[in-house]
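Below is one structure, written out as structure tokens; comments come after it.
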Amino acid sequence: MILIVDDDRTVRLSLGMLMRREGWESLAAANPGEALAAVREHPEIRLAIFDMNFSHSTSGEEGLELLRRVKVLRPELPVILITAWGSIPLAVEGMRMGAFDFIAKPWDNHVFCRQVRTALELTDKSLLNAPDGLSGFSCPEIIGRSRVMTELLETVARVASTDAPVLLLGENGTGKEMVAQAIHRNSRRSSGRMVTVNIGGMPQPLFESEMFGHVRGAFTGAVADRAGRFEMADGGTIFLDEVGELDLSCQVKLLRVLQQHTFERIGESKTRTSDFRVIAATNADLPRMVSERTFREDLFYRLNLITLRIPPLRERKGDMPLLVRHFAQQCAVSSGCEPPEITTDAIEYLKTLPFTGNIRELKNLVERTMLINGGTGRLDADAFRRNAMGGVELSGSYPAVTLDDMERIAIADAMRRHNGNVSHVAETLGITRQALYRKLEKYGMK
């Protein structure tokens, strides 16, 4: 049952009809007193939705006081606050006090129902306490069986089936984008697109054009209509990578589209709607940025309904053997050779390295070591030691890297980037196809 609290009878009736149309039973209350009585008398209430004001005052204090008292009676009960767009700071204060989410007026019925559904799904005890959290969940590209990774993937499996916004926190190279892809692929939006946006690499003047699109002639260089990223993500997922790098002037524009799911292309007055799920990622300390006023608190709460921390490699060294052999297998396939034996002492040596670049740095080290020691069939600690620290030994001496080694690395890298397309590889390297075939034969690469 859903409790609807509003002093406006029309709002109560319209929301009640909306809930009923979606198959949810609802109960209405006209003021805080009736709302508290309903919470006491109806333990079957699973969600409360109420306005911030119940009199001529627009301070929102009545709504906040009601939230405090509801949380005393039912701490686990999710509460969605309804507020005017200009009063979002009030809703943010409510989020600090434990509100589940907020909805700004005027709302879109589809978006409203989606937020209600998400709240009900995420507080469903059968979902949160399911013992087989990974049942039916597919993420073959995420390698790891350590406790921290198993717990992470169980949580990912549970939230993937919802439409909840997810914020991925983690250092560079920990695999945040892979987790985002796993969430999308295991969601009900898997048939839609996953649109990835590198916020950190997007110049501020291009933000609106890239995200919302533009029409022909909207500005110099706009020679044709172009759909923005949010429009492209309709029916799917939008992944905002490095969201902590977003300029303050762009944050309010992002908040509006995340809140209302509407936008206008540059040069067009038509309002467009997009049904997307948002996943964001950052290696920045967003709470600190909020306190320093370099990141909007309302945007932070809109993004972090579910927050997942991706552990750095130093916290999951038990996964090192699986990761090393996985990367070696990948490199062997792309290089056309047999995967080498990775010795025990090699694994133990790798566990001693700091890997500040995390999984990405480990992958690069494995590939570099294989390519420079290509064809040996066996990689021990010394082989990795010679190629650690970007090709310089930890002792400070330099490994002997020949021109042939460098050429083989360049060819293998190009083959990997172009998926083995010989024509594209030859063009990238600036040689003929025939010359490339000779070099592939020379280095024993298929």
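Miscellaneous remarks
- Candidates SER274, SER335, SER291, filtered to the one that is within 24 Å of LEU90 (Cβ to Cβ) and small (Gly, Ala, Ser): SER291
- Residue selected from segment 142-179 under the condition free of Cβ contacts under 8 Å to residues at least 60 places away in the same chain and within 14 Å of ASN358 (Cβ to Cβ), by the criterion least open to solvent (accessible area, probe 1.4 Å): ILE142
- In segment 275-303, of all residues being aliphatic (A, V, I, L, M) and in a strand (DSSP E or B), the one that is farthest from the chain's Cα centre (by Cα) corresponds to VAL278.
- Looking only at segment 228-280, and only at residues there that are polar (S, T, N, Q) and farther than 27 Å from VAL159 by Cα, the one that is least open to solvent (accessible area, probe 1.4 Å): SER249
- Selection count where residues are open to solvent by less than 60 Å² (accessible area, probe 1.4 Å), within 20 Å of GLY444 (Cβ to Cβ) and out of contact with any helix residue (DSSP H, G or I) (no Cβ under 7 Å at 6 or more places or on another chain), scope segment 333-383: 3
- Summed over segment 63-111, the residues that are of a type in the set (S, T, N, Q), open to solvent by less than 10 Å² (accessible area, probe 1.4 Å) and touching a residue at least 60 places away in the same chain (Cβ under 8 Å) give a count of 0.
- Every condition in (1) closer than 28 Å to ASP124 by Cβ; (2) in a loop (DSSP other than H, G, I, E, B); (3) over 13 Å from the mean Cα position of the chain (by Cα); (4) not hydrophobic (A, V, I, L, M, F, W, C) holds for ASP163 except the one numbered (3).
- Screening ARG189 with (1) charged (D, E, K, R); (2) assigned to a loop (DSSP other than H, G, I, E, B); (3) open to solvent by 20 Å² or more (accessible area, probe 1.4 Å); (4) modelled with pLDDT of 90 or more gives one miss only, at (3).
- Residues in segment 112-141 that are buried (at least 17 other Cβ atoms within 10 Å of the Cβ) and modelled with pLDDT of 80 or more: PHE112, ARG114, GLN115, VAL116, THR118, ALA119, LEU122, CYS139.
- Selection within segment 312-345 - part of a helix (DSSP H, G or I), in contact (Cβ under 8 Å) with a residue 12 or more places away in the chain and among the hydroxyl-bearing types (Ser, Thr, Tyr): SER334, SER335
- Output for segment 256-266, where each listed residue is over 23 Å from GLY170 (Cβ atoms) and at pLDDT 90 or above: VAL257, HIS261, THR262, PHE263, GLU264, ARG265, ILE266
For (1) in a helix (DSSP H, G or I); (2) out of contact with any Leu (no Cβ under 7 Å at 6 or more places or on another chain); (3) over 20 Å from LEU286 (Cα atoms), each residue gets a yes or a no:
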{"position": "LEU168", "(1), (2), (3)": "no, no, no"}
{"position": "ALA180", "(1), (2), (3)": "yes, no, no"}
{"position": "THR220", "(1), (2), (3)": "no, yes, yes"}
{"position": "PHE230", "(1), (2), (3)": "yes, yes, yes"}
{"position": "LEU240", "(1), (2), (3)": "no, yes, no"}
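The values are calculated or read from the model by the stated rules, or taken from the named source; none is laboratory data. Keep in mind it's a predicted model, so treat the numbers as computed, not measured. So basically every Cβ, Gly included, is an ideal-geometry build from the backbone, and we count neighbours across all protein chains shown. Calculation scope for accessible area: heavy atoms of the full protein, side chains included, ligands and nucleic acids excluded. Shrake-Rupley method; radii C 1.70, N 1.55, O 1.52, S 1.80 Å.
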